[in-house]
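I have placed the structure first, in the form of structure tokens, so that the comments after it can refer back to it.
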Number of protein chains: 2
Amino acid sequence: MALSPAIQECELLIKAFSGFGVDEQSMISLLTKLHPDQRQSFRKSCPRFFSHDDRLFEKWERDHIKQLEIEFSRFNKAVVLWTMHPWERDARFAYEIIHKDARFTYEIIHKGSPLSILIEIACTRSSEELLGARKAYHSLFKHSIEEDVAYDVKEDSRSLLVALVSSYRYEGLDVNTEIAKSEAKTLGKAIKEANGKKLVENEDVIRILSTRSKFQLMATFSHYKEIHGKDIDEDLEDDFLQATVQCIYSPPTYFSKVLEVALNNDVDEITKEALTRVIVTRADVDMKEIKEAYQKIYGIPLTEKIERETRGNFKDFLLALAAKGGY
Amino acid sequence: MALSPAIQECELLIKAFSGFGVDEQSMISLLTKLHPDQRQSFRKSCPRFFSHDDRLFEKWERDHIKQLEIEFSRFNKAVVLWTMHPWERDARFAYEIIHKDARFTYEIIHKGSPLSILIEIACTRSSEELLGARKAYHSLFKHSIEEDVAYDVKEDSRSLLVALVSSYRYEGLDVNTEIAKSEAKTLGKAIKEANGKKLVENEDVIRILSTRSKFQLMATFSHYKEIHGKDIDEDLEDDFLQATVQCIYSPPTYFSKVLEVALNNDVDEITKEALTRVIVTRADVDMKEIKEAYQKIYGIPLTEKIERETRGNFKDFLLALAAKGGY
């Protein structure tokens, strides 16, 4: 019996990944076309390439990766991430950023914190997707996400982060206008009275942003603008709170900004990894909206910017994924 | 085609519930034998009896219940709860206690707070069961549990309660002994240094009790006893913290105490309702262990105490459910 085209493609990929001498161009074009199920089975067929067993992976690294350039390592990571189930992907992003030593180096170089990845995962995914990531985290790391955040994060933002990753927001359309109005005032009052005290530790602010449904919050933000004449994120001086509001209010705008920072930066890998993270996680979700937002904000197509700022297989892979939302 | 015995039993029940003149004895014996699926379909077949549409229910109440004694109302509630899916049951318990005005009356009469029902739901259910209750809450009340707790509970215990109902604990056997030892000390230090400040608001205490897995916490509690020579719940002066520890450490002991209070009290319905709640929610789970614990603590079989303190159909129904765990 002849193999179906899909299986044939998978076979080709498996062959390609079992050693060197890969026809990388056709590989990329095949890879980006795979359905989620095919990605899974492909991943299982190449245990060495995708292994997360440290010894296996380190051996593979010693033997192969070291000879290749950093660009190939980025390409490799992007492929690994692309073939992962979205829940596992989010669980691993969360784990890495909670535990990575690089986090502290990063925090010294930049004013922001890469912990905002946790906000991205908690606020741009649906309630079920966030829950899926929490389940994957259990089975991979034998802890809960909130447990590790609460234990390992020492910053002022801890309470906000724990509340956001623990949330399971209602997703219906019901909005209570009275509450939206009164909580727009509560937020305004908290901002006005912060006076140097840290807004990110304010109980009302945390409660409202971490428990209300997204539709409810949109109503609250719009009342805030009516009352104060400004978007709420302009009034929030805290990076984490700004990220929270932007992730809830307009993920495409938020992701455009993250992409822009990553594309203009070549200093550290954490920032650069954001490029892969956003393209890989959004390719199947809202890539079209992100490309529209990016062009609107920065006046240049996202794909052109990627073309300009990246190289080799890494570039081709990102562009193939970025092409997925049409546009 | 002849009806299967199970369907025949359901038919009998449906007939019995469609009006008065019920042979209540045989009804009770049938009811308690129903599998969860049968309970559901039975419930759907008697919309008037089980209706949560307020108008329908109020009409039914006006027409029928008012003529009957309080004992029948208790019996009625118990049957309604017994036929509910456990997730819906927990969601409704949570909703009622968060919103019930009676809560405030209760708090004046007693020193404790009925909000401990939230702790019971958060800490004696499995992670999946708690999650199920959160899902049921979404569809029934168009909010999340944590949203309503955070908004409606004004007491000092708010942070603890929000953290507990949002938790999704890891349930594997892995325990980190180093962390158990160090957190036993952290808890000891928090208790010692509380000095009138409210322990229930202590960040470390909330973090440890709400995020660690139950096995991890058992190890922590046992190290606590080694270091301090006393069980940790004896050192906790706060009712909510005591309930949390007891629900995690030994649900049968916790439930025995709740039953004892309910059985000895005839003043208010909230306390009395705890009797129905515990018997109905645990009949299929750990009734055997609860009966063992109860007899050990109070020196009298639970069933004998129920026999003595309740009357009529309500009594018979509770006894039939309590008989489920063998013993």
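The values are calculated or read from the model by the stated rules, or taken from the named source; none is laboratory data. Given the structure is predicted, the values throughout are model-derived calculations rather than measurements. Here the Cβ positions follow ideal geometry from the backbone for every residue, glycine too, while neighbour counts run over all protein chains shown.
Structure notes:
- Residue among B:Glu147, B:Glu107, B:Glu171 that is in contact with a Ser or Thr (Cβ under 7 Å, 6 or more places away or on another chain) and modelled with pLDDT under 95: B:Glu107
- Counting the residues of the range B:78-87 that are surrounded by 21 or more Cβ atoms within 10 Å (Cβ to Cβ) and under 12 Å from the mean Cα position of the chain (by Cα) gives 1.
- Selected residue (criterion: surrounded by the fewest Cβ atoms within 10 Å (Cβ to Cβ)) from residues of the range B:232-259 that are of a type outside the set (A, V, I, L, M) and outside any helix (DSSP H, G or I): B:Glu237
- If the condition is being more than 10 Å from every other protein chain (Cβ to nearest Cβ), surrounded by fewer than 23 Cβ atoms within 10 Å (Cβ to Cβ) and under 28 Å from the mean Cα position of the chain (by Cα), then the range A:140-179 contributes A:Leu140, A:Asp152, A:Val153, A:Lys154, A:Glu155, A:Asp156.
- Residues satisfying the stated conditions in the range A:110-139, i.e. within 19 Å of A:Pro252 (Cα to Cα), within 14 Å of chain B (Cβ to nearest Cβ) and either buried (at least 18 other Cβ atoms within 10 Å of the Cβ) or among the aliphatic types (A, V, I, L, M) (or both): A:Ala122, A:Ser127, A:Leu130
- Enumeration of residues in the range B:244-258 that are aliphatic (A, V, I, L, M) and at pLDDT 95 or above: B:Val245, B:Ile248
- Checked against (1) within 14 Å of chain A (Cβ to nearest Cβ); (2) in contact with a helix residue (DSSP H, G or I) (Cβ under 9 Å, 6 or more places away or on another chain); (3) hydrophobic (A, V, I, L, M, F, W, C), B:Leu318 passes all but a single condition, namely (1).
- Being buried (at least 16 other Cβ atoms within 10 Å of the Cβ) and either out of contact with any Phe, Trp or Tyr (no Cβ under 6 Å at 6 or more places or on another chain) or not in a helix (DSSP H, G or I) (or both) is a property that does not hold for A:Asp284.
- Selection count, the range A:260-281, where residues are β-branched (Val, Ile, Thr), surrounded by fewer than 17 Cβ atoms within 10 Å (Cβ to Cβ) and in contact (Cβ under 8 Å) with a residue 60 or more places away in the chain: 1
- In the range A:293-309 there is no residue that is within 16 Å of the chain's Cα centre (by Cα), in a helix (DSSP H, G or I) and basic (Lys, Arg).
- Inside the range A:195-251, residues that are closer than 16 Å to B:Glu147 by Cβ and among the hydroxyl-bearing types (Ser, Thr, Tyr) make up a count of 5.
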